[in-house]
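J.: Starting off with a structure, shown below.
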Amino acid sequence: MAAPTQEAVEEKVIDAIANLGPDRSEITRDASFESLDVDSLDLVEMTQVVDEEFGVQIKGEDAQQLKTVGDAIDFIMARAE
Amino acid sequence: MSRRVVITGLGAVSPLGVGARMLYDRWSGGEIGYEDGIARCADFEPEEYLTSKQARRNDRFAQLAIAACQEALAEAGWDDEPPYDPERIGCVIGTGIGGIGTLEHQHDVLRDKGPGQVSPLAVPLMMANAGTAALAMRYGLRGPTQTTVSACAAGTDGIGAALRMIRAGDADAVVAGGAESALTPLAMSAFAAMDATSTSGVSRPFDARRDGFIMGEGAGILVLEDAEAAEARGATILGEVLGYGASADAHHITAPEPAGRGAAKAIERALADADVGADDIDYVNAHGTSTPLNDSSETEALKAALGEERAKAIPTSSTKSAIGHLLGAAGGVEAVATVLALKEGKAPPTLGYEEPDEGLDLDYIPDGPRAIGNGGRVIALSNSFGFGGHNGVLCLATV
């Protein structure tokens, strides 16, 4: 699997979060999952999309550290490289 | 004297449409809600009731419960906030199977994509109590909440449990009924494998040609309140739950006891609980599934419990002739239809009933709606019997 581009990861993460319910316009890098009403169950669903798409697993403590959309994008980029 | 329990709101999503009135009016008008042997709630649009996030977090059976509940609470006048301490409001929503659509879909995911892709929402969506939980959360109901899972008696047993919660003083109001959505490949194949479902694709309860039930989905919900509290807040009273009776056949895992002894016991208990006699009953909303076994044993049960002559004299019809069998939702939806029949003084017919069967000789209301009652209080029984031999019977009345 080739390393994904920043754009590809951002697009996929935003798509996955939008699919959970939040308005797309509110899903920015700085937006916290709490402010988007994305809870731990939602976050697992998001990580499943990421795993399927980029082969990056985000489990347990790693997932708990993710507070914002940007955190998730950066984590995936770091792992995918 | 125990507390009386009145009905202040009705809600239904059925194969005849969204709305309790739609169910009663269309059934009375002779409309059939199923097509090609399946009774779907084709008019139900989840997005009218749920955000996309809420829709994702509720199996279809719970979505149907939410829509029916919204209607019932609006009628009860609870739109903005409940009229009682939320800790004194309970919720009991029966279901036969719960979120089997979710279960089947997630099994596909497990098989095709592996365990890592199974949704974290699988359990909260498929659990049988998801409908009860969804309503408690949505409307802030913090009193006793539980789920009855007694197959096709679940909705009726839910309303019976709610009646007892209020009588016992555990709650001042309870949102109660049944919800089901099991029109999935697995569930439909499984019912067909038992020869429970109709091969002709026609629901005709009590008719000699009946050959099984039509599977359906839906939800029926009633708002029950302590009578004094409801009167004190000036609620419009739609009817009263006079009594409830339950029993088990302890006979066979699917077949009813042929003489209907268990069902008769439940009917007798409902009458005793309501403190009324067979002569007081103006209408019977039968379980009437259109299976060969149920409709004959139910006829026997009614004769045994009410006396043969009295049973033959009471107009008796089956909602399933119009909407098929909604399994765990049946008791909820049929209680809603029964309350409206009592209120209107007019019982809808058993649609499609033409050929009498030997021994099935009650008045099944074959020719269109029938006037019921004699100007005073109108009283009905609503029967539900489930696989496993569970029998539940409600005694409902006008006030």
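J.: Which whole-number percent of Cα pairs in the stretch A:6-80 have a distance greater than 21 Å?
T.: Considering the stretch A:6-80, 11 percent of its Cα-Cα pairs are separated by more than 21 Å.
J.: OK, next. For the stretch B:244-397, build the convex hull from the C-alpha positions and give me its volume per residue in Å³.
T.: 93 Å³
J.: Still on this structure: Tell me, which longest segment in chain A has none of the trypsin sites (Lys or Arg not before Pro) that fall in DSSP loops with at most 16 further Cβ atoms within 10 Å?
T.: The segment A:30-58 is the longest one with no such site.
J.: Just going by the charge dipole of chain B, with Lys and Arg at +1 and Asp and Glu at -1 on Cβ, which of B:37, B:285, B:326 is farthest out on the positive end?
T.: Towards the positive end, the residue furthest out is B:326.
J.: Which semi-axis lengths, in whole Å and largest first, follow from the square roots of five times the eigenvalues of the Cα gyration tensor of the stretch B:92-134?
T.: 23, 10, 5
J.: Another one. Rounded to the nearest whole Å³, what is the per residue volume of the convex hull around the Cα atoms of the stretch A:37-76?
T.: 60 Å³
J.: Right, something else. What's the local net charge at residue B:178, with K and R +1, D and E -1, over the other residues with C-beta under 10 Å away?
T.: -3
J.: For the stretch B:155-228, what is the convex hull (Cα atoms) projected area averaged across all directions, in square nanometres?
T.: Seen from a random direction, the Cα hull of the stretch B:155-228 projects 6.8 nm² on average.
J.: If a/c stays under 1.5 just call it rounded; otherwise compare a/b with b/c (prolate if a/b is bigger, oblate if not). Do that for the stretch B:312-399, with a ≥ b ≥ c from the square roots of the Cα gyration tensor eigenvalues. List each step's numbers first, then the result.
T.: Numbers: a/c = 1.61, a/b = 1.09, b/c = 1.47.
Cα axes put the stretch B:312-399 in the oblate bin.
J.: What is the mean number of Cβ atoms from other protein chains located within 10 Å of the Cβ atom of each residue in peptide B:52-59, rounded to a whole number?
T.: Mean shielding by partner chains, rounded to a whole number: 3.
J.: Based on the Cβ-Cβ distance of residue A:64 and residue B:252, what FRET efficiency does E = 1/(1 + (r/R0)^6) give at R0 = 45 Å, to the nearest 0.05?
T.: Numbers: r = 52 Å, r/R0 = 1.15.
Efficiency, rounded to the nearest 0.05: 0.30.
J.: Relative to 2.2 N^0.38 Å, what does the C-alpha radius of gyration of the protein assembly as shown come to as a ratio? Two decimals please. Write out the running numbers ahead of the final one.
T.: Working: Rg = 24.5 Å, N = 480, 2.2 N^0.38 = 23.0 Å.
The protein assembly as shown yields a ratio of 1.06.
J.: Mean Kyte-Doolittle hydropathy of 0.0 or higher plus an axial Cα length of 18 Å or more: which whole DSSP H helices in chain B meet both?
T.: What comes out of the filter, once short or polar helices are dropped, is B:60-76, B:154-167, B:330-344.
J.: Run the helix sum for chain B: -39,500 (n - 2.57) per DSSP H stretch of 4+ residues, divided by residue count, reported at 222 nm to the nearest 500 deg cm²/dmol.
T.: Values: 14 runs with 143 residues, N = 399.
Roughly -10500 deg cm²/dmol at 222 nm, from the helical runs in chain B.
J.: Follow-up. Throw me the Rg/Rh for the stretch B:259-298, computed over C-alpha atoms with Kirkwood Rh, two decimals.
T.: Numbers: Rg = 11.3 Å, Rh = 11.2 Å.
That ratio is 1.01, to two decimals.
J.: Also, quick follow-up: Using packing as a proxy for protection, rank B:41-48, B:118-125 so that the peptide with the highest average count of other Cβ atoms within 10 Å comes first.
T.: Per-residue Cβ counts within 10 Å, averaged per peptide and sorted highest first, yield B:118-125, B:41-48.
J.: Can you tell which of B:396, B:58, B:95 lies farthest toward the positive end of the dipole of the protein assembly as shown, using +1 and -1 charges on the Cβ of basic and acidic side chains (Lys, Arg; Asp, Glu)?
T.: B:396
J.: In nm², what is the average projected area of the convex hull enclosing the Cα atoms of the stretch B:80-191?
T.: With the hull built on Cα positions only, its mean projection is 8.1 nm².
J.: So if each residue of separation counts as 0.36 nm, and I subtract the Cα-Cα distance between residue B:192 and residue B:309, what length gain in nm does that give?
T.: Contour length minus the Cα-Cα distance gives 38.5 nm.
J.: How large is the helix-only mean residue ellipticity at 222 nm for chain A, computed as the sum of -39500 (n - 2.57) over DSSP H runs with n ≥ 4, divided by its residue count, in deg cm²/dmol to the nearest 500?
T.: Computed mean residue ellipticity for chain A: -18000 deg cm²/dmol.
J.: Take every DSSP beta bridge with both residues inside chain B and express the antiparallel ones as a percent of the total, to the nearest 5.
T.: 70 percent
J.: Ok, one more. Treating only the Cβ atoms of Lys and Arg (+1) and Asp and Glu (-1) as charged, compute the dipole magnitude of chain B about its Cα centre; round to the nearest 20 debye.
T.: Approximately 780 debye in magnitude.
J.: To continue, here is another question. How many nm separate the modelled label positions at residue B:45 and residue A:78, each set 7 Å beyond the Cα in the direction of the Cβ?
T.: Inter-label distance under the simple model: 4.6 nm.
J.: Round to a whole angstrom and tell me the spacing of the C-alpha centers of the stretch B:78-111 and the stretch B:144-210.
T.: 14 Å
J.: Now a separate question. Per residue of B:117-124, what is the mean number of Cβ atoms on other protein chains within 10 angstrom of that residue's Cβ?
T.: 3
J.: Restricting to bridges with both residues inside the protein assembly as shown, how much of the DSSP beta-bridge set is antiparallel, in percent to the nearest 5?
T.: Bridges in the protein assembly as shown are about 70 percent antiparallel.
J.: A further question on this structure: Which residue, B:36, B:59, B:367, has the most motion in a Gaussian network model of chain B that connects Cα atoms within less than 10 Å?
T.: B:36
J.: Kindly give the semi-axes, whole Å and largest first, of the ellipsoid equivalent to chain B, taking each as the square root of 5 times a Cα gyration tensor eigenvalue. Could you put the intermediate results ahead of the total?
T.: Details: eigenvalues 174, 140, 65 Å².
For chain B, the semi-axes come out at 30, 26, 18 Å.
J.: Kindly state, as a whole number, the per residue volume in cubic angstrom of the convex hull around the alpha carbon atoms of the stretch B:185-292.
T.: Numbers: hull volume 18.1 nm³, N = 108.
Measuring per residue, one finds 167 Å³ for the Cα hull of the stretch B:185-292.
J.: Hey, with R₀ at 45 Å, roughly what FRET efficiency would residue A:34 and residue B:107 work out to, going by the Cβ-Cβ distance, to 0.05? Let's see the in-between values first.
T.: On the way: r = 33 Å, r/R0 = 0.73.
The calculated FRET efficiency here is 0.85.
J.: Let me ask something additional. Quick one: check the C-alpha center-to-center distance for the stretch A:1-55 versus the stretch B:266-309, whole angstrom.
T.: 57 Å
J.: Got a sec? How would B:112, B:207 order by Cβ neighbour count within 10 Å, fewest to most?
T.: Numbers: B:112 8, B:207 22.
The fewest-first ordering by Cβ neighbours comes to B:112, B:207.
J.: Let me ask you something else. Which value in Å does the Kirkwood hydrodynamic radius of the stretch B:5-239 take, with 1/r averaged over all unlike C-alpha pairs and then inverted?
T.: For the stretch B:5-239, the Kirkwood estimate is 18.4 Å.
J.: Taking Cα centroids, how far is the stretch B:212-251 from the stretch B:341-399 in Å?
T.: First find each Cα centre; the distance between them is then 15 Å.
No value in this document is a laboratory result; all are computed from the given coordinates. Everything numeric in this text was worked out from a predicted model, so none of it was measured. Cβ: placed from backbone, ideal geometry, glycine included. Neighbour counts: every protein chain shown.
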